[in-house]
Structure formats: structure tokens, C-alpha cells
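In what follows, a single structure is set out as C-alpha cells and then discussed.
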């Protein structure tokens, strides 16, 4: 698991990226997907995930669909049009950020 | 696949409720989430009750509670923002109306004298300095040296710039867009003629003692429609 600080800045990007690749996902599904993809290295807690989803909803990046599932309500999240754009932007920004971080680490290694 | 039945769902609903996690926007998906976790445990071959214990043991209620507050806040602020937006747009409309109103309504808030003067007589009932009886004074008098420039107190059009040997003497009336008119009396001379457009601060004439006057002064009136109102309430600079 990574530090809270690191996760705080990336959670939104992770969620947007997953929603971009899957038409619609519900909360638990997102946590499982992240867990699988990162081989348990990133385990999203409910306490972090749902507020992020709600925040994205309040910003108009996602909308929800409710479906009855075995007597309970399942809430699916889907990207809106502006959410698609935001996802692309966040993904690109992060990819570039990773690259930039590499420069920093590589230069440090070179200096040593 | 292990599917939870309605009794089990009810049990979990109460579990969440007991932990204070029953916020309208969250409770359904949280219940679904917990159910999924328990079903996952049950797939390993354990009972509902065991699964329920494991899941709630790992479940960070405190964090969830904190974040429930956050979520609540997000939703309330969203509502608030919506309200705020409507208030804002209402304010914008009012502002527009006001801006439009400024165009439609020139308020004579300038000082009519450009130079030294003193307010010699206010608005209202007073003992008339010439007739020596109590009379309404429908404007205000500024004592100033003859020849002191008199200026327009707002943008407008000169309605009258005429000599009237009785009463007001050399008199200018300026009509301002909207409901106001201003009147300047006892002038020694004119700098404008009837029909001229004037801007606030333009010199329109000069202080004098023409008409029914005993000494050089400016008699200044503001009319709202036909009603004469106290100019002292308007002069701001």
C-alpha cells in the first residue's frame, strides 16, 4: 500500500481512467478492479472511494444509474461528456508527471 | 454465487444504521458494497454471520463516518451552489436593470457650483427674505461671488435657458433622462442655449442676482416629475 498523500492525489485519476475504459462500474467493482490490476498494491477503501465518486458527480464528470440487484440497489457510475474530457486530461497529465518524476530520479542517479 | 436473502439484507441495513451510516445518497451503495464483500467471503465457504463479522472487522466505520459528512457536505454545497447560482443570476438581472436604469435615469448628484460658495438657505418653509413672510423655499440657495461658474449636476438636455425678469431671473432648466429636472436661477449669464446637450460638470452659466434676488446667489432646484424635492439629499460631490 502507498501513502495516503500519494493516494489522495491519484484516486481521481484512477477512477476516471477505469470509468473511461468500462462503460459503467459500481463502487465495489472499482475497488476489485484496482486491486486486481495492481496486484493488491492499491486497495481503495470505501471511505476514500465513495467521496471521490460523489465529488466527481457533483462536478458533473460522472452520472449514475441505479439498478435493482437481488433486492438491493446497485449504483453504477458513468462518465459524462465533460468527464470523458477530464479523464483524458488527467490521464495525460499523470503520464507526463510520471515521466517528469523519472527525469528527477534519473538525474539523481546520474549525479551519484 | 452466494446471494444474500432479504433477511440478511435487513440485518446489514441495521448494521449500517447502527454505525450511523445511513446518509440517503450513500446507504444504498454502501449496503451493496458490504453485500459484495460478504458474498466474496461466503464464496470461500463460510457462513453469512462469519462473513459479516470479518467484513465489519475490516470495515473502517470511523473513516466512513467522516467521509459521510464530507459527502453530505458535497451534496449540500451542490444544493447551496445551485441556490447561490440562482441568487447570483437574480443579482445579475438586478445589476443589468440598474445599469439600464442608469442609462434611463440620470440622477443629479453633482454640486451645481464650481468654486467657492456657501449654502445660504435650505429647502423648506422659511421667512422669505424679500416678502418677509413665511413661504415655501422650493430649492436651496448658494451664496457665491457673481460670475462663479454654475455647472450641470448630471448629463442632460437644456430645456430652457431664458431670461425671466421676475422670480428666477436668468433661468436654466435641464432635463435629465428619467424623471429628474434641475433648475438654476438668478444667473448673471448663460453658457448654453435651449436644446443643448450637457454633460455633468459642464459650465452652463454664472452666478448672478437677476430676478427676485437681493444679492448674488444661485437658486438650485431638483424636480422629480413636477414635485420639487430637497437638492441637499442629492448632492454627493
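Read-outs: derived from the displayed coordinates by stated rules, not from any lab. Model, not experiment: these values are computed from the prediction. Don't worry about glycine lacking a Cβ; one is built from the backbone with ideal geometry, like all the others, and counts go over all protein chains shown.
Here are a few things to note about the model shown:
- Helix-only CD estimate at 222 nm, as mean residue ellipticity for the protein assembly as shown, using -39500 (n - 2.57) per DSSP H run (n ≥ 4): -16000 deg cm²/dmol
- Burial ordering of B:209, A:107, fewest other beta-carbon atoms within 10 Å first: A:107, B:209
- Distance (nanometres) between label positions extended 7 Å along Cα→Cβ at residue B:70 and residue B:50: 3.5
- When the convex hull of its Cα atoms is viewed from all sides, the protein assembly as shown shows a mean projected area of 33.6 nm².
- Among B:64, A:7, the order by Cβ neighbours within 10 angstrom, fewest to most, reads A:7, B:64.
- FRET efficiency for the residue A:82 to residue A:102 pair, using the beta carbon distance and R₀ = 41 Å, is estimated at 0.85.
- Cα convex hull volume per residue for chain B (Å³): 215
- Pairwise label distance in nanometres, residue B:232 with residue A:2, each label 7 Å out on the Cα-Cβ vector: 7.3
- For the peptide A:53-61, the mean number of other protein chain Cβ atoms found within 10 angstrom of a residue's Cβ is 4.
- With a cut-off of 15 Å on the backbone N, the residues of segment B:4-24 near the modelled label site 7 Å out from residue B:43 along Cα-Cβ are B:4.
- log10 of Debye I(q)/I(0), alpha-carbon scatterers only, for chain A at 0.21 Å⁻¹: -1.20
- Stokes-Einstein diffusion coefficient of segment B:108-237, Kirkwood radius over Cα pairs, 20 °C, 1.002 mPa s, in µm²/s: 151
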